[in-house]
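Student: Here it is, the structure in full.
The values are calculated or read from the model by the stated rules, or taken from the named source; none is laboratory data. Everything numeric in this text was worked out from a predicted model, so none of it was measured. Note: ideal-geometry Cβ built from the backbone for every residue, glycine included; neighbour counts use all protein chains shown.
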Amino acid sequence: MNQMSAVSSLALTGASKTSRKVAASVEFRNVTKRYGRVTAVDDVSFNIAPGQLVTLLGPSGCGKTTTLRMIAGLEMASEGQILIGDRDVTNLSAADRDVSMVFQSYALFPHMSVLENVAYGPSVQGVPKRDAQAMAMEKLSLVGLSGLEKRSPSELSGGQQQRVAVARALVLEPQVLLFDEPLSNLDAKLRRRVREDIRELQQSLNLTVAYVTHDQEEALAVSDRIIVMSNARIAQTGTPRELYEEPADLFVADFIGDANILEGILLDREGPNARVRIGGAILTLPHRNANAGPVKLAVRPDAIFLEEGPTPSGGITGTVKKASYLGTQIEYDLESPVGSLFVVQYGRKEPIPPGTAVSVSFAPQRGVALIPGA
Amino acid sequence: MSRATLGWIVLGWIGYAVLPWYGFDRAVAPTLSEFVIGRSGLVLGLKGAWWLLPILLPLLMLLRPALRPDGALLARWLTGAGILGLLLILIQGFSIGLNGWTLDGLKAFFGEPGPRQAGMGYGAALTAASFLILLCHGLAARGWCRGDTFVTSSIGVVVALIIVFVFFPVSTILASAFGDDRGNFAPSLFIAKFTDRSIWGLDCLTGDLRCGVAWNTLFLGILVAFGTTALGLAFALIATRTTFRFKKLLRVMSVLPIITPPFVIGLALILLFGRSGALSAILYEWFGIPRSRWIYGLPGVFISQLLAFTPIAFLVLIGVVQGISPTLEEASQTLRAKSWTTFVTVTLPLMRPGLANAFLLGFVESLADFGNPLVLGGNYEVLSTKIFFAVVGAQQDQGRAAVLSIILLGFTLGAFWLQHAWLGKKVYTTVTGKGDAGIPLPLPRRVALASYLTAIPWALFTIVIYAIILVGGFVRSMGRDYTPTLDHFLTAFRVERAEWGLYFSGSAWNSFFATVKVAALSAPLTAAIGLLTAYLLTRQRFSGQRAFEFGTLLSFAIPGTVVGVSYILAFNVPPIEITGTGFILVMCFVFRNMPVGVRSGIATLSQIDKSLDEASLTLGARSFTTMRRIVLPLLRPAIVASLVYSFVRAMTAVSAVIFLVTAEYNMATTYIVGRVEAGEFGLAIAYSTVLIVVMLLAIVAIQFAVGERRLGRRSATASTAPLAVQATP
């Protein structure tokens, strides 16, 4: 009832921003989802603050889509509590939650026109047809599709279909908007533009958005915060920068950006920092509560410098196995005493030919991190 | 509490206190007062039918949630009242029959004969239905199926219908097979009947005597399965892999037998090869070959079943042949395999599941076929005809019919089990989501030649058969007197102008109207239940789903004769006494043809991206609205398919209905079979032609009424790709 009156009052006031509902928070409290014996989501708790875009990131089968579908009410939690805007919605069906979703396949109704698709939400809520269509037209102009409303979805390009799906999800002005891998059906160039559009829309309308993707670059680009999932559990939560620069474990280090996992020895701690020896080199890094002894480090490919010529004393010498020229960058595979290394070098240089001996050095400020507990 | 729940509570009371509890005594027309209150369960209960009074208790329990809909205990009251009500109705229904107590224990305890009652009527049905629905509402309120009353009620209704119209008759036939004439448990009698020499005897191997009917049936089934598979493959290869000029004709020929009543082909064979058949006459006059009765027996049944079931194999195999991705064959060719090697090592193995499918379908169809063996069988007896004669013949031995039915049922279920066990685990995915460009390999010469040599003579033969059917109705007597005449049509379909208007005096009108009425009633019911079941199976998750699926498909595996026998055994006595009514015919068709609706529904639904439903749900539409506005419009092809199929099957079926027809509800097919047995071939053929034309008209009308599904520009490819996909800009 509440929702219905909100919808119809909105229809009357038209585009005015004053009637907007406030964005709501989403909270999971120890939520578990089982399918028979398989546990798809295992004791997951998190909180999405109002107006934030939070990405659920992880490899396929990690439970991220199940988590998203539990927010939508398309799957019911086996255990735990789900709250949207401080209201317990654990047992509410999808139709009773104030949440909309943009599907991976867009799920546009193929037997309806673009306008009918977007007006579907209000019209099944009992809003008169004329008002429903007015609401739909407003959202269509918001996503820049005015003039295409008579077309059928199959007569639109992939990017346009995607925007119809967004308009349809926005039309009820939901408290929370969900995206399930929205860019996976677009080509690489379009992907970058659409993800920027989504981010812009989210910020200008101040929406709470949960966004599922398996593409770490996409996640880093659009998110306020990222929830990394692995094997049905949360591996780490944080801002993009925290995840990249301070990965909580080997999985996150490897999954967010590429990382060389090297072994080193923590010599001693000094205030917030620790001295770590890798091969012959000694680095000073934040200690992150690691104790003296053998430790593992995540070294980003661009935090390794290569120098042709003789190695200074105490340095590491490596041999180039393979060099790939990629335009803006050159990628090297290296053999060295500390293990094989993957190195990316930016800037215009002549590629170092394979077989050359090089001296290897690290730039700690560019992404070398101790991994606690590994 | 929702208004629907309240409505069903009211309906439950109406069924108990207003409508007549028992079925009508058709001899006396009831007066209005009798109809409305006088014979209701409540009044009868107070007048002495005390066993109806306990049902008042659950109805009173329902008043509690109706008066105080506070919600907290609503689910518990509804569930409790529903279960109690259904139990009470079942117990009183099954323990008290037409002749008093039905169970020996009750007889001994309360003394014979005890109270009597007739079969349930509208009132009982309505009350039972409302108990069932309220039980489902209660379960939904307890959180079953995500609390969706539409889903729980649909599951409840479908399950109840399947129990009543599939499991109940089948278990009755089992009970009847294991009992003696008076219904006592007699396993030794069963073993004696089961191992009878007339069923399993192998005398034909050693001497001139006949083999057991079970071996006859199996032998015929395997022969027909081989024949239809080989012919179907030849047709399918020609239709897909050659540049044969008359492919369109092949398509038409594949549809024709579907709308031909099954025994009509047997009839045409008699007119062609019988003692006075057209071809026999020519052979006698030109070459002096004596007329004989060779067509009656195994050859006739075999040929007629080949003609009737080859199109089914063709339809199965053409899908399989088309589904083989050309890239696989191209891959084989780029690896230097010659076209013959490619065909043998790649194409043929990929067709294996399709071939097995066609084989088993041919086998099962042959086993279940009743019309052709009846018309052409002669001394070659098969199980389906034997069952019929055990029931209607001089023996009147229902126990024997039940035993034979169990054997036949065992064969068909065994075939389905084999198919499932063998094919179920193998993966032969040849259609992938990636677009295959590529040109199918042209057939190797020897395969093409073999296909042409089998298919073309066969096609010509089929054309001759249909020419006979077409001509047969318009000449005086095939084979003897070719004078053109309309006599047959006039006898069957004469319409006279009388003082009070038109008078349908033709002898066929009665059965014709009954058939059209039953077919028109059962087609929409079949489609509705079938598609609803398909929706529940593909779009919902609930415990017991596998058992549910098995139950819905079971009736497909049961041969028509077995269904017929089981229906007369189960529904001839209270509590459900519906033999002789049109209703039993309708229900029989609904549950025999429902699996096709389920299958086509599942096939279409699995092509429709599930996220369409989910999108609708997240936009605030409930499952009923989603079904109405999203699922049904996209299901149009499946709706047409199941409407057409069930209508056509209801018009052409013989095997089950021949047990269930009465003078009032005679069906066209049984009438025609009667004419054939009386030797009036011309009339039979004429009537069959009319039926074929009516079915063609009905198919066109259904197509027109349901309409096409609109999918925008790319509708041509919509059947292969998930509907909600993209294209690059």
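Student: Can you name the residue in region A:148-168 that is part of a loop (DSSP other than H, G, I, E, B) and within 7 Å of chain B (Cβ to nearest Cβ) and, of all such residues, is surrounded by the most Cβ atoms within 10 Å (Cβ to Cβ)?
Tutor: At the first step, the residues of region A:148-168 found to be part of a loop (DSSP other than H, G, I, E, B) are A:148-152, A:156-157.
Within this subset, residues satisfying the condition of being within 7 Å of chain B (Cβ to nearest Cβ) are A:152, A:157.
On the way: A:Ser152: 21, A:Ser157: 14.
Here the answer is A:Ser152.
Student: If you don't mind, another one. Does A:Arg37 count as out of contact with any Asp or Glu (no Cβ under 6 Å at 6 or more places or on another chain), assigned by TED's automatic domain parsing to the domain that holds A:Val209 and basic (Lys, Arg)?
Tutor: On the way: out of contact with any Asp or Glu (no Cβ under 6 Å at 6 or more places or on another chain): yes; assigned by TED's automatic domain parsing to the domain that holds A:Val209: yes; basic (Lys, Arg): yes.
For A:Arg37, the condition - out of contact with any Asp or Glu (no Cβ under 6 Å at 6 or more places or on another chain), assigned by TED's automatic domain parsing to the domain that holds A:Val209 and basic (Lys, Arg) - is met.
Student: Still on this structure, I have one more. Filter region A:90-102 for residues that are surrounded by fewer than 24 Cβ atoms within 10 Å (Cβ to Cβ) and not polar (S, T, N, Q); which is nearest to the other protein chains (Cβ to nearest Cβ)?
Tutor: The extreme case among them is A:Ala95.
Student: Here is a further query. It is to be established whether one or more residues within region B:333-346 are small (Gly, Ala, Ser), part of a helix (DSSP H, G or I) and closer than 24 Å to B:Met651 by Cα.
Tutor: no
Student: Next up: Quick one: B:Ile630 ticks every box in (1) in contact with a Phe, Trp or Tyr (Cβ under 7 Å, 6 or more places away or on another chain); (2) more than 14 Å from chain A (Cβ to nearest Cβ); (3) surrounded by 21 or more Cβ atoms within 10 Å (Cβ to Cβ) bar one, so which box is it?
Tutor: It fails just one condition, (2).
Student: Please state which one of A:Thr284, A:Thr317 is touching a residue at least 60 places away in the same chain (Cβ under 8 Å), of a type in the set (Ser, Thr, Tyr) and closer than 28 Å to A:Glu246 by Cα.
Tutor: A:Thr284
Student: Condition test on A:Phe255, is it aromatic (Phe, Trp, Tyr) and either surrounded by fewer than 15 Cβ atoms within 10 Å (Cβ to Cβ) or in contact with a Leu (Cβ under 8 Å, 6 or more places away or on another chain) (or both)?
Tutor: So A:Phe255 fits the description; yes.
Student: Then there is this: Report yes if A:Ala77 is within 22 Å of B:Ala141 (Cα to Cα) and either in contact (Cβ under 8 Å) with a residue 60 or more places away in the chain or part of a helix (DSSP H, G or I) (or both), otherwise no.
Tutor: In short, no.
Student: Hey, another quick one. Restricting attention to region A:118-142, which residues are part of a loop (DSSP other than H, G, I, E, B) and at the interface with another protein chain (Cβ under 9 Å from one of its Cβ atoms)?
Tutor: Across region A:118-142, the qualifying residue is only A:Gln125.
Student: Among the listed residues A:Leu115, A:Leu145, A:Leu83, identify the single one that is assigned to a strand (DSSP E or B), at negative phi and more than 8 Å from every other protein chain (Cβ to nearest Cβ).
Tutor: Just a single option satisfies the conditions, and that option is A:Leu83.
Student: For region B:545-552, check the following and say yes or no: at least one residue is modelled with pLDDT of 85 or more, surrounded by fewer than 17 Cβ atoms within 10 Å (Cβ to Cβ) and within 18 Å of the chain's Cα centre (by Cα).
Tutor: No, because not a single residue in region B:545-552 is modelled with pLDDT of 85 or more, surrounded by fewer than 17 Cβ atoms within 10 Å (Cβ to Cβ) and within 18 Å of the chain's Cα centre (by Cα).
Student: Can I ask one more? Go through (1) at pLDDT below 85; (2) more than 30 Å from B:Ser606 (Cβ to Cβ) and name the single condition B:Arg709 misses.
Tutor: With (1) at pLDDT below 85; (2) more than 30 Å from B:Ser606 (Cβ to Cβ) applied to B:Arg709, the lone miss is (2).
Student: Restricting the first residue to region B:56-75 and requiring it to be over 15 Å from B:Val10 (Cβ atoms) and surrounded by fewer than 18 Cβ atoms within 10 Å (Cβ to Cβ), which pairs with a second residue that is at pLDDT below 80 and among the aliphatic types (A, V, I, L, M) meet a Cβ separation below 8 Å and a spacing of at least six or different chains?
Tutor: B:Gly71/B:Met1
Student: Kindly check whether there is at least one residue in region A:292-299 that is surrounded by fewer than 20 Cβ atoms within 10 Å (Cβ to Cβ) and under 17 Å from A:Pro354 (Cβ atoms).
Tutor: Within region A:292-299, not a single residue is surrounded by fewer than 20 Cβ atoms within 10 Å (Cβ to Cβ) and under 17 Å from A:Pro354 (Cβ atoms).
Student: Further question: Which one of the conditions (1) surrounded by fewer than 23 Cβ atoms within 10 Å (Cβ to Cβ); (2) part of a helix (DSSP H, G or I); (3) not polar (S, T, N, Q) does A:Leu186 fail to meet, given that it meets all the rest?
Tutor: (2)
Student: Here's a follow-up. Would you confirm whether any residue within region B:451-467 is over 25 Å from the mean Cα position of the chain (by Cα) and at pLDDT below 70?
Tutor: Within region B:451-467, not a single residue is over 25 Å from the mean Cα position of the chain (by Cα) and at pLDDT below 70.
Student: Right, something else. So is A:Leu140 buried (at least 23 other Cβ atoms within 10 Å of the Cβ), under 20 Å from B:Arg622 (Cβ atoms) and within 29 Å of the chain's Cα centre (by Cα) or not?
Tutor: So A:Leu140 fails the test.
Student: Quick check on A:Gln202: is it crowded, with 21+ Cβ neighbours inside 10 Å, modelled with pLDDT under 90 and out of contact with any helix residue (DSSP H, G or I) (no Cβ under 7 Å at 6 or more places or on another chain)?
Tutor: Details: crowded, with 21+ Cβ neighbours inside 10 Å: yes; modelled with pLDDT under 90: no; out of contact with any helix residue (DSSP H, G or I) (no Cβ under 7 Å at 6 or more places or on another chain): yes.
No, not satisfied.
Here is a yes/no grid of residues against (1) of a type outside the set (A, V, I, L, M, F, W, C); (2) in contact with a Lys or Arg (Cβ under 9 Å, 6 or more places away or on another chain); (3) surrounded by 15 or more Cβ atoms within 10 Å (Cβ to Cβ); (4) at pLDDT below 75:
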residue	(1), (2), (3), (4)
B:Leu202	no, no, no, yes
B:Asp208	yes, no, no, yes
B:Leu218	no, no, yes, no
B:Leu223	no, no, yes, no
B:Arg241	yes, no, yes, no
B:Ala268	no, no, yes, no
B:Leu271	no, no, yes, no
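Student: Of the residues B:Gln419, B:Gln396, which is touching a helix residue (DSSP H, G or I) at 6+ places or on another chain (Cβ under 7 Å) and at pLDDT below 85?
Tutor: Unique residue meeting the criteria: B:Gln419.
Student: Is it fair to say B:Phe343 is in contact with a Pro (Cβ under 7 Å, 6 or more places away or on another chain), in contact (Cβ under 8 Å) with a residue 12 or more places away in the chain, buried (at least 20 other Cβ atoms within 10 Å of the Cβ) and not basic (Lys, Arg)?
Tutor: Against the criterion (in contact with a Pro (Cβ under 7 Å, 6 or more places away or on another chain), in contact (Cβ under 8 Å) with a residue 12 or more places away in the chain, buried (at least 20 other Cβ atoms within 10 Å of the Cβ) and not basic (Lys, Arg)), B:Phe343 qualifies.
Student: Restricting to region B:117-148, give me the number of residues that are in contact (Cβ under 8 Å) with a residue 12 or more places away in the chain, assigned to a helix (DSSP H, G or I) and within 14 Å of another protein chain (Cβ to nearest Cβ).
Tutor: Selection size over region B:117-148: 4.
Student: Quick test of your reading of the structure: A:Ile261 fulfils all but one of (1) under 32 Å from the mean Cα position of the chain (by Cα); (2) buried (at least 16 other Cβ atoms within 10 Å of the Cβ); (3) modelled with pLDDT of 85 or more. Name the failing condition by number.
Tutor: All conditions pass for A:Ile261, except number (2).
Student: Please go through region B:565-618 and give me each residue that is without any contact (Cβ under 8 Å) to a residue 12 or more places away in the chain, in contact with a Leu (Cβ under 6 Å, 6 or more places away or on another chain) and more than 14 Å from every other protein chain (Cβ to nearest Cβ), ordered by number.
Tutor: Answer for region B:565-618, where residues must be without any contact (Cβ under 8 Å) to a residue 12 or more places away in the chain, in contact with a Leu (Cβ under 6 Å, 6 or more places away or on another chain) and more than 14 Å from every other protein chain (Cβ to nearest Cβ): there is none.
Student: List the helices (runs of 4 or more DSSP H) inside region B:457-567, counting only whole elements, that have at least 2 residues being among the polar types (S, T, N, Q) and not assigned by TED's automatic domain parsing to the domain that holds B:Leu409. Quick ask: steps written out before the conclusion?
Tutor: Numbers: elements: B:487-493, B:509-539, B:545-557.
Once the helices (runs of 4 or more DSSP H) in region B:457-567 are filtered for at least 2 residues that are among the polar types (S, T, N, Q) and not assigned by TED's automatic domain parsing to the domain that holds B:Leu409, what remains is B:509-539, B:545-557.
Student: Within region A:196-221, can you find the residues that are in a helix (DSSP H, G or I) and within 19 Å of A:Ala169 (Cα to Cα)?
Tutor: A:Glu196, A:Asp197, A:Ile198, A:Arg199, A:Glu200, A:Leu201, A:Gln202, A:Gln203, A:Ser204, A:Leu205
Student: Mind checking which residues of region B:378-387 are part of a loop (DSSP other than H, G, I, E, B) and either surrounded by 23 or more Cβ atoms within 10 Å (Cβ to Cβ) or of a type in the set (S, T, N, Q) (or both)?
Tutor: B:Asn379, B:Val382, listed by residue number.
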